[in-house]
Amino acid sequence: MKFDTIIIGGGLSALTCGIKLAKAGRDCLIIASGESALSFNSGSFGLLSRLPDGTAVEEPLKAIEQLPSSHPYVKIGIDNTRRYAASAKEFFADCGISLRGTERNLWRYTSSGKMKRCWLAMEDTTAFVSREDKVGDKALIVTVKGFQDFFPGFVAESLEKKGISCRCESIELDELDMLRSNASEMRATNIALTMEKDKIRKSFVKEISRIRQDEDMLILPQIFGYEDTRALEDIRKAVGMPVTFISTLMPSVPGIRTQKMLKKAFEAAGGTLMMGDCVTGAVIEGGKIKSVLTSNLGSYGLEADNFVLATGSFFGKGLASDFTKIYEPVLGLDVDASEKRDEWYSSSFFDRQAFIGFGVKTDNDLHPSRDGEAISNLYAAGSVLSGAESLYEGSGAGVAIITAMYAADKILEG
Amino acid sequence: METKMQEKNISANELEQCVKCTVCTAYCPVLKVSVIYPGPKQSGPDGERYRLKSSLFMDNNIKYCLNCKRCEVVCPSGVKIADIIHSARETYGRQIPKVRDFILASTDLMGSVASPFAPVVNAVTGLGATKFVLDKVMAIDHRRTFPKYSGTKFETWFRKEAAPVQGTFKKRVSYFHGCYVNYNYPQLGKDFVTLMNALGVGVDLLEKERCCGVAKISSGMFDTARKHARINIASMEKAMSDGRKVLTTSTTCTLTMKDEYPDILGLDNTSVKDGIVLAIRYIYEMLEKGEAKIAFKEGYRARAAYHVPCHMEKMGLSIFTRKLLKMIPGMELVSLDSNCCGIAGTYGFKKENYARSQAIGKALFDNINAVNPDFVACECETCKWQIEMSTAYKVKNPVSILAEAVDIEKTKKLNNA
């Protein structure tokens, strides 16, 4: 079976690339082995928050000039990076995903109430122009009784350092209490599904009004908006004071909703999704991939003119390691990674970790190579690429989106 | 030494690959409508760690798992969550199947008994009084419409009408028809034989075919399932000895024989696994390789909504159905959102599951109603019962859709059949 392009991977990068190609009329297949890291997204995208030397970044598109030439943003050209970054908001809006952001990084709360920089914020995320901004002086922090993936105490501790007094309450409703009979699965997504019902949301808002004293701001976990953002907008309007939503532990409601909306946009544009299948190898002839094989289809090859590898990093199984080496497990591509195991990681968990920057070696057009030979109809995109320390730099989503758009345009230019 | 250490850490169904990411929880159709089920993560890898220590940790509510395998499809770490759950039901389960479970699970035995008396059985199972008794005595829900039994079994029709001419074809396949085609809906089998013959391929039946075992696995009758599976594997080995493929029209029978035999029943099926091919894929590959040609009727018009059954999704074969149906001129194929219909074979027949089953299917039914197609295209027979009972739309297997759209006489000529 032949497609114009086959994309290996199903996360932010793969879907961005697929939507762009499908909208341009290309027959596109996405092969994804399970859901992606987008399911754990905290409600915002980062482009660049910190340079490799530790300098904090206020204007990411200016700061990219200071990145090393091995960084994906520099590899594809700084002008290209700027152009794709500027088009991102409109691209996602066309998929039904509304994002807020400016040329300057915004500030958002983390799940423990600390503040972090971000580039684009989803509707669930309250973003601030400056770190010192605050919505009010007295916060009511509300959670659902029995919900274990949100920590009001941590949030209060952080906010009080900013001079915001806090009161933590938990709400008990019969419908939500039902979920507690299954405590291990009382997750943000399950609560959000219950909160889709207007009646339950109304009772929840009524409870908030009942317990509210003189607070001027409300803090809630991200437990609204499972299918779309209707419940989110409704809550904002109904509670009668400014609401700040704070991310929960996984699975993430905004992340899963975004993933579902991107899949929908891809299929609506005519793309084909193969979920839960895994590419096991490829037939490579004359420096080009002819077809890929999958675990479900066995020896039956799927052919395409172009291929995109957007398999993610270690969690997505785009990269793997054993006792002696870091490798790319799908196609056996060349990688940029240290050969010395003791250089891979720091034994302190919260330190900067070198392995995050490892990845597939490519030329400036994002073509990977195998045994030193470039593969001319293959592009790598997203966190499988080497050169970006996404966690330290806060660049994961930016690299995923921008390199995917670049790969799609390269394919369209043919 | 290093490899040995890693090898020792491999447990059944990729248990140790679970990183507790909880994505399965977000996509489980049962959890969406009910809290009685502990959920895929807790029933599967989380619970298994405890069960390995002591069977006292076994929670019988894991039986509410539909085995739709959506958790496995979304798992980023390749854990066979549903297989862990269903293996645990056998290893640690203390529940003895009820008479009701035995009846629902014995699709083959019930079919043999009911078929000769089909008009009577169909009339009786349709009666309010019968449904009342089944509900009260057997806990088979009274709101459920029973699949009709056919008077003539597919096998009987085949031996009489089709078998004599199959010898004229050089290229041959074997057909695993399954209980549904044999007892409830022989027309699908007839459509399959007509289509294959027109494409120049002769069809034989297996020397011995038993129920694939899926209904038995879901009702906890693992030993009977294993007994039947061994007979099926032996028959298929024999049929495949001359390189022949065994084709199927049921997605669930296919998944059971290819994946559940080793993963849940612990049987070695390597000799036959790759030779079991869903008909729709076989036909597509034949056309693609130019081994057969196809001609469609002029003036065929249809607007079909395609529902991908959970097990089709798991096997990743829907691309073949999509490509084949799109070949039909005059076919407008609308994709439905990926949702479980809720019946999961015999699951939805059980009284304790009826409400849950319908609640799970609601998103799909609403989607079908909104699309308002001429009919629904779907490869699974139990999805068909569920959708036809819960909406006003007919459900057709893609093989039957093809048989309807193809100009059989022209196609025969093209293939010198």
Region A:96-116, residues that are β-branched (Val, Ile, Thr) and modelled with pLDDT of 95 or more: A:Ile97
Residue within region B:281-295 that is closer than 25 Å to B:Val30 by Cβ and surrounded by fewer than 22 Cβ atoms within 10 Å (Cβ to Cβ) present: no
Residue that is open to solvent by less than 40 Å² (accessible area, probe 1.4 Å), in contact with a Pro (Cβ under 7 Å, 6 or more places away or on another chain), of a type outside the set (Lys, Arg) and modelled with pLDDT of 95 or more, where the choices are A:Leu319, A:Leu302, A:Leu333: A:Leu333
Qualifying positions in region A:222-238 - open to solvent by less than 10 Å² (accessible area, probe 1.4 Å), assigned to a loop (DSSP other than H, G, I, E, B) and away from every other protein chain (no Cβ under 14 Å): A:Phe224
Scan of region A:212-221 for residues that are surrounded by 14 or more Cβ atoms within 10 Å (Cβ to Cβ) and more than 31 Å from the chain's Cα centre (by Cα), ordered by number: A:Arg212, A:Glu215, A:Asp216
Members of region B:156-171 found to be open to solvent by 90 Å² or more (accessible area, probe 1.4 Å), farther than 18 Å from B:Gln187 by Cβ and among the charged types (D, E, K, R), listed by number: B:Lys170
Matching entry among A:Cys28, A:Cys17 (being surrounded by 17 or more Cβ atoms within 10 Å (Cβ to Cβ) and within 14 Å of another protein chain (Cβ to nearest Cβ)): A:Cys28
Elements of type helices (runs of 4 or more DSSP H) in region A:101-204, at least 1 residues being crowded, with 17+ Cβ neighbours inside 10 Å and within 14 Å of chain B (Cβ to nearest Cβ): A:174-180, A:188-194
Boolean, A:Ala265 is more than 10 Å from chain B (Cβ to nearest Cβ), open to solvent by less than 50 Å² (accessible area, probe 1.4 Å) and either without any contact (Cβ under 8 Å) to a residue 60 or more places away in the chain or not in a helix (DSSP H, G or I) (or both): no
Positions within region B:221-253 being under 16 Å from B:Arg172 (Cβ atoms) and not acidic (Asp, Glu), in sequence order: B:Ser235, B:Met236, B:Lys238, B:Ala239, B:Met240, B:Ser241, B:Gly243, B:Arg244, B:Lys245, B:Val246, B:Leu247, B:Thr248
Considering residues of region B:321-374 that are free of Cβ contacts under 8 Å to residues at least 24 places away in the same chain and farther than 22 Å from B:Ala392 by Cα only, the residue surrounded by the fewest Cβ atoms within 10 Å (Cβ to Cβ): B:Lys326
Unmet criterion (only one of (1) more than 9 Å from chain B (Cβ to nearest Cβ); (2) open to solvent by less than 30 Å² (accessible area, probe 1.4 Å); (3) closer than 21 Å to A:Cys28 by Cα; (4) at pLDDT below 95) for A:Ser247: (3)
Failed item, numbered, when B:Lys258 is tested on (1) among the charged types (D, E, K, R); (2) over 16 Å from the mean Cα position of the chain (by Cα); (3) under 21 Å from B:Ile81 (Cα atoms): (2)
Top-ranked residue in region A:336-358 [being hydroxyl-bearing (Ser, Thr, Tyr) and either within 14 Å of chain B (Cβ to nearest Cβ) or surrounded by 13 or more Cβ atoms within 10 Å (Cβ to Cβ) (or both); ranked as farthest from A:Ser291 (Cα to Cα)]: A:Ser346
Residue count for region B:30-48, restricted to those that are open to solvent by 40 Å² or more (accessible area, probe 1.4 Å) and in a loop (DSSP other than H, G, I, E, B): 1
Which numbered condition A:Gly286 misses (of (1) open to solvent by 50 Å² or more (accessible area, probe 1.4 Å); (2) within 12 Å of chain B (Cβ to nearest Cβ); (3) more than 26 Å from A:Ser112 (Cα to Cα)): (2)
When residues of region B:49-69 are limited to those that are open to solvent by 30 Å² or more (accessible area, probe 1.4 Å) and part of a helix (DSSP H, G or I), the one farthest from the other protein chains (Cβ to nearest Cβ): B:Ser55
Any hit, region B:262-269, residues being within 14 Å of chain A (Cβ to nearest Cβ), open to solvent by 20 Å² or more (accessible area, probe 1.4 Å), modelled with pLDDT under 95 and assigned to a strand (DSSP E or B): no
Neighbours by Cβ (under 7 Å, 6+ apart or cross-chain): first from region A:330-346, within 26 Å of A:Val279 (Cβ to Cβ); second of a type in the set (Ser, Thr, Tyr): A:Val330/A:Thr311; A:Leu333/A:Ser369; A:Asp334/A:Ser369; A:Val335/A:Tyr327; A:Val335/A:Ser386; A:Asp336/A:Ser386; A:Trp344/A:Ser338
Residue in region A:43-55 that is open to solvent by 20 Å² or more (accessible area, probe 1.4 Å) and either among the aliphatic types (A, V, I, L, M) or within 13 Å of chain B (Cβ to nearest Cβ) (or both) present: no
Test: residue in region B:126-137 that is open to solvent by less than 10 Å² (accessible area, probe 1.4 Å), modelled with pLDDT under 95 and either within 30 Å of B:Ile85 (Cβ to Cβ) or part of a helix (DSSP H, G or I) (or both): yes
Residue satisfying condition, being in contact (Cβ under 8 Å) with a residue 40 or more places away in the chain and more than 18 Å from the chain's Cα centre (by Cα), within set A:Thr16, A:Thr55, A:Thr5: A:Thr5
Any hit, region B:231-242, residues being open to solvent by 20 Å² or more (accessible area, probe 1.4 Å), free of Cβ contacts under 8 Å to residues at least 24 places away in the same chain and more than 28 Å from B:Ala344 (Cβ to Cβ): yes
Hey, A:Lys260 away from every other protein chain (no Cβ under 14 Å) and either closer than 18 Å to A:Gly146 by Cα or out of contact with any helix residue (DSSP H, G or I) (no Cβ under 6 Å at 6 or more places or on another chain) (or both) or not: no
Matching residues, region A:48-74, being in contact with a Phe, Trp or Tyr (Cβ under 9 Å, 6 or more places away or on another chain) and not small (Gly, Ala, Ser): A:Leu48, A:Arg50, A:Pro52, A:Pro60, A:Ile64, A:Leu67, A:Pro72
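The values are calculated or read from the model by the stated rules, or taken from the named source; none is laboratory data. What you see is a predicted model, and the numbers here were worked out from it, not measured in a lab. Cβ: placed from backbone, ideal geometry, glycine included. Neighbour counts: every protein chain shown. Protein only, heavy atoms only, side chains kept; ligands, DNA and RNA dropped before computing areas. Shrake-Rupley method; radii C 1.70, N 1.55, O 1.52, S 1.80 Å.
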